[in-house]
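Chemist: My structure is below; once you've seen it, I'll send some questions.
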Amino acid sequence: MTDLATPPIAARPAPLESPPVARYKGRTVLAIGAHPDDLELAIGGTLAKLRKSGARVVMAVVSIPADYDARRREAEQAAEILGCELRILIDGGATKRIEDMKTYELVKVLDEVVKDTQPAAVLTHGPSEFHRDHVLVYDAAIATQRLRYFDFFSYHPNFCRPVPVQFHPRAYVDISDTIETKMAAIAVHRSQFGNRGLPIDIYRDIARMNGRIVGAQYAEGLDVGRMLLA
Ligand SMILES: [Zn+2]
């Protein structure tokens with residue numbers, strides 16, 4: 001009898017000698033999220049994996065919309081767990097909302113971090129997000145592509161409570177070896193989950209489902225904005 005809790009993983013070819021994430025070894029990957037926790041939820045496993053592959057990974061959080069001190073601490077702890085550098089882009093030690101900014105102001109903030117970090121890849125929100133401020137960040141990140149060439153990816157729409165959103169990944173990252181790191185990084189965001197009584201196992205479920213599609217135990221899905229193959 002088949003154990004329904006652990007269905008067999010589909011067969012797939014042997015892993016590539018030089019997996020695509022290794023292309024960023026010794027280079028900078030810039031991950032942009034609207035708020036603390038957005039990056040951990042969507043691509044925590046990918047960021048940890050990139051770090052392990054020798055990339056420098058900068059987690060750029062655009063703003064802290066409420067509860068500044070607690071959420072900043074949580075973001076710092078999560079970045080440390082993932083082994084990444086944390087930057088709060090609209091800072092000054094106070095809560096700020098992205099919706100209060102003009103489009104050109106938000107583009108300027110993202111321009112600055114792109115110019116400063118000179119990324120080989122940028123990962124950020126996508127256009128089909130439930131949260132409007134996530135879409136504003138995506139729109140501003142799109143504009144930064146004029147500054148220089150970098151691979152550009154969008155990640156899974158984010159939510160604390162599940163909502164129906166459209167997302168069709170075009171690329172997957174096998175995160176079987178970093179899923180526990182991802183879950184640990186999510187768990188430190190107690191103000192968003194534990195303290196509100198919200199479970200976090202749905203993020204493991206999403207990774208498990210994406211993994212089944214590509215024959216891995218766990219995976220994260222990405223949409224590809226642009227990618228230079230050779
Ligand atoms: Zn958010």
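The values are calculated or read from the model by the stated rules, or taken from the named source; none is laboratory data. Because the structure is predicted, anything quoted here is derived from the model rather than measured. All Cβ positions, glycine included, derive from the backbone under ideal geometry; neighbour counts span all protein chains shown. Note: accessible area is taken over every heavy atom of the protein model, side chains too, but ligands, DNA and RNA are not part of it. Shrake-Rupley method; radii C 1.70, N 1.55, O 1.52, S 1.80 Å.
Chemist: Considering only residues of the range 125-173 that are more than 25 Å from L50 (Cα to Cα) and not in a loop (DSSP other than H, G, I, E, B), which is least open to solvent (accessible area, probe 1.4 Å)?
Modeler: The extreme case among them is D133.
Chemist: Here's a follow-up. If we scan the range 99-110, do we find a residue that is part of a loop (DSSP other than H, G, I, E, B) and farther than 27 Å from A143 by Cβ?
Modeler: Within the range 99-110, the subset part of a loop (DSSP other than H, G, I, E, B) is 101-102.
Checking the rest, the ones that are also farther than 27 Å from A143 by Cβ come to none.
Scanning the range 99-110, I find no residue that is part of a loop (DSSP other than H, G, I, E, B) and farther than 27 Å from A143 by Cβ, so the answer is no.
Chemist: Just a yes or no: is a residue in the range 102-117 in contact (Cβ under 8 Å) with a residue 60 or more places away in the chain and open to solvent by 40 Å² or more (accessible area, probe 1.4 Å)? Break it down into steps so the answer makes sense when it comes.
Modeler: We begin by selecting, within the range 102-117, every residue in contact (Cβ under 8 Å) with a residue 60 or more places away in the chain; these are 110, 113-114, 117.
From the residues that got through so far, the ones that are open to solvent by 40 Å² or more (accessible area, probe 1.4 Å) too are none.
For the range 102-117, residues in contact (Cβ under 8 Å) with a residue 60 or more places away in the chain and open to solvent by 40 Å² or more (accessible area, probe 1.4 Å): absent.
Chemist: Let me ask something else about it. How many residues are open to solvent by 50 Å² or more (accessible area, probe 1.4 Å) and either outside any helix (DSSP H, G or I) or closer than 25 Å to S128 by Cα (or both) when one looks only at the range 174-230?
Modeler: Number of matching residues: 19.
Chemist: Condition test on R27, is it in contact with a helix residue (DSSP H, G or I) (Cβ under 9 Å, 6 or more places away or on another chain), more than 16 Å from the ligand (Cβ to nearest atom), modelled with pLDDT of 95 or more and open to solvent by 10 Å² or more (accessible area, probe 1.4 Å)? Full working, then the answer.
Modeler: Numbers: in contact with a helix residue (DSSP H, G or I) (Cβ under 9 Å, 6 or more places away or on another chain): no; more than 16 Å from the ligand (Cβ to nearest atom): yes; modelled with pLDDT of 95 or more: yes; open to solvent by 10 Å² or more (accessible area, probe 1.4 Å): yes.
In short, no.
Chemist: Scan the range 32-59 for residues that are at negative phi, within 16 Å of the ligand (Cβ to nearest atom) and among the charged types (D, E, K, R) and jot them down.
Modeler: Within the range 32-59, D38, E40 qualify.
Chemist: Still on this structure, please answer the following. Evaluate the range 78-96: report whether one residue or more is surrounded by fewer than 18 Cβ atoms within 10 Å (Cβ to Cβ), in contact (Cβ under 8 Å) with a residue 24 or more places away in the chain and in a helix (DSSP H, G or I).
Modeler: No, the conditions are met nowhere in the range 78-96.
For every residue, the table says whether it meets (1) within 14 Å of V107 (Cβ to Cβ); (2) modelled with pLDDT of 95 or more; (3) not hydrophobic (A, V, I, L, M, F, W, C).
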site: A121; (1), (2), (3): no, yes, no
site: T124; (1), (2), (3): yes, yes, yes
site: P127; (1), (2), (3): no, no, yes
site: F130; (1), (2), (3): no, no, no
site: A141; (1), (2), (3): yes, yes, no
site: Q145; (1), (2), (3): yes, yes, yes
site: Y149; (1), (2), (3): no, yes, yes
site: S154; (1), (2), (3): no, yes, yes
site: F159; (1), (2), (3): no, no, no
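Chemist: Considering only residues of the range 120-177 that are over 27 Å from F193 (Cβ atoms) and among the polar types (S, T, N, Q), which is farthest from the ligand (Cβ to nearest atom)?
Modeler: Q145
Chemist: Go through the range 56-77 and count every residue that is in contact with a helix residue (DSSP H, G or I) (Cβ under 6 Å, 6 or more places away or on another chain) and in a loop (DSSP other than H, G, I, E, B).
Modeler: The number of residues fulfilling the criteria is 3.
Chemist: Output the qualifying pairs, or none if there are none: Cβ atoms under 8 angstrom, residues six or more apart or on different chains, first residue in the range 23-37 and closer than 21 Å to T95 by Cα and of a type in the set (V, I, T), second residue part of a strand (DSSP E or B) and open to solvent by less than 10 Å² (accessible area, probe 1.4 Å).
Modeler: I32/A60; I32/V122; I32/L123; I32/T124
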